[in-house]
Amino acid sequence: ADEDAASDPALLPADFDFSGLDTHDLNADKEGRMKDDEKSVLALSRKEAEELLRLKDGGTSEQVVSVNLGKDIVDPSCIHLDKKKMRVTLSTTLESVDIKWKDLASMAKKGKHNAYQCFSSGRKPEKISVFSETTQRPLTLMPSEDFNPNQEGSSLSSNFRRERRILTPPRTPPTLVIGGFTMHRIKNADPMSDTYNKIATFSKTSLKGKALDICTGLGYTAIEMAKKPYVESVLTLELDPSVLEICRCNPWSANLFENPKISTRIGNAADIIQELESESFSLICHDPPAQALTFAGELYSLDFYSNLYRILKKGGSLFHYVGNPASKESGTLFAGIMRRLQDAGFRNVRKSPKAFG
């Protein structure tokens, strides 16, 4: 979890909308799989809904529009309007979704900080949020526009943006908020740069063989690990099935389920790790929630670190996310973690300030 967010609640919008949470909102089974009859086709942020709504009085759009929380763009030829609704067709999947103007107006209301899923059946869009029965905490997907409104990253070149006149600026991926804690760094960073910094702690020669990702979250770390050509497979562990429900609705998490190199196990990592074979992984990324989330304490224990050492191959590498090393709270945390890692058998234990680990 983002240690800065824990120590500075103002990083989250004061009026962040946690209302209306329901364990059935996402229409998924216990493994986080969406039901076929209610497939989510499109995800929208408040800003994207606002920009789409502007097309209502302008007829056919001549501008490329950003959708899916900034991950995709829609060409004018793929947007069709009538008096009651808008039909959007994604060129990547050729799937279409009808969105009523009144629903777009509801999503575009000022002060809302949620992402919404739109369904192939035409049912009313719903917030991508759920209450976890596992942790007894609310989970919400927060678009990047709400935590990084002025320094949004771009996956599209500036030339492309000028040529196609993109209506909505490109964005960085959303983050996950669990009970008020953001699961990525959002102060002077964003979820993708946070992920890249973690991966960069591994040398190029160590990015190979089997990888273990502990605490899946939105899956960004597992996805980036799996992109490395010499990484054979990635096993990612997640305690909470509700987190995978959120992932199923997050366009940026799609490769978590589509990349055959990635496999996911649901359960307590402290239990699962005891079942894993000794010296079976070449690299491990351990990204536990903040200790303030009471269920995470055992992921910082000597017993857990001893098991990490056991399953890591000789010469393998471990990255352990901790938090901002400059903060008083994390400074104390670092000392204890480094000592326990050394007691577990790890050598060359050192801080990686840029990656907060």
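The values are calculated or read from the model by the stated rules, or taken from the named source; none is laboratory data. The structure displayed is predicted, hence computed values, not measured ones. Cβ sites come from the backbone with ideal geometry, for glycine too, and all protein chains shown count toward neighbours. Side chains included, ligands, DNA and RNA excluded: accessible areas come from the protein's heavy atoms. Shrake-Rupley method; radii C 1.70, N 1.55, O 1.52, S 1.80 Å.
Summary table below
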quantity	calculated
Ordering of 239-247, 319-327 by packing [mean C-beta count within 10 Å, highest first]	239-247, 319-327
Ranked packing of 185-198, 341-354, 255-268, most packed first, by mean Cβ within 10 Å	185-198, 255-268, 341-354
Heavy-atom SASA rank of Trp252, Trp101 (probe 1.4 Å, accessible area, largest first)	Trp252, Trp101
Separation of alpha-carbon centers, the range 204-238 and the range 276-340, rounded to whole Å	16 Å
The range 191-344: relative contact order in percent, alpha carbon pairs under 8 Å with at least 6 residues between	23 percent
Apportionment of accessible area to carbon and sulfur, the range 46-120, percent (1.4 Å)	48 percent
Largest-first ordering by accessible area, 1.4 Å probe, given options Arg46, Arg54	Arg54, Arg46
J(HN,Hα) series, the range 350-357, from Karplus relation 6.51 cos²θ - 1.76 cosθ + 1.60, nearest Hz, glycine and proline x	8, 6, 10, x, 5, 8, 6, x
Normalised contact order of the range 46-120, rounded percent, pairs of Cα under 8 Å and 6 or more residues apart	32 percent
Dipole in debye (nearest 20) - the range 46-120, about Cα centre, beta carbon charges: Lys, Arg +1; Asp, Glu -1	480 debye
Accessible surface of the range 191-344 [probe 1.4 Å, protein heavy atoms]: carbon and sulfur percent	49 percent
Per residue accessible area of the range 191-344, 1.4 Å probe, in Å²	41 Å²
Stokes-Einstein D for the range 191-344, Kirkwood Rh over Cα pairs, 4 °C, 1.567 mPa s (µm²/s)	82 µm²/s
Ser91, Ser206, ranked by accessible area, largest first (probe 1.4 Å)	Ser91, Ser206
Reach of Lys328 by Cα under 16 Å, taken over lysines that are not fewer than 8 positions away in the same chain	Lys351
Solvent accessible area, Å² - Cys78, 1.4 Å probe, full protein context	30 Å²
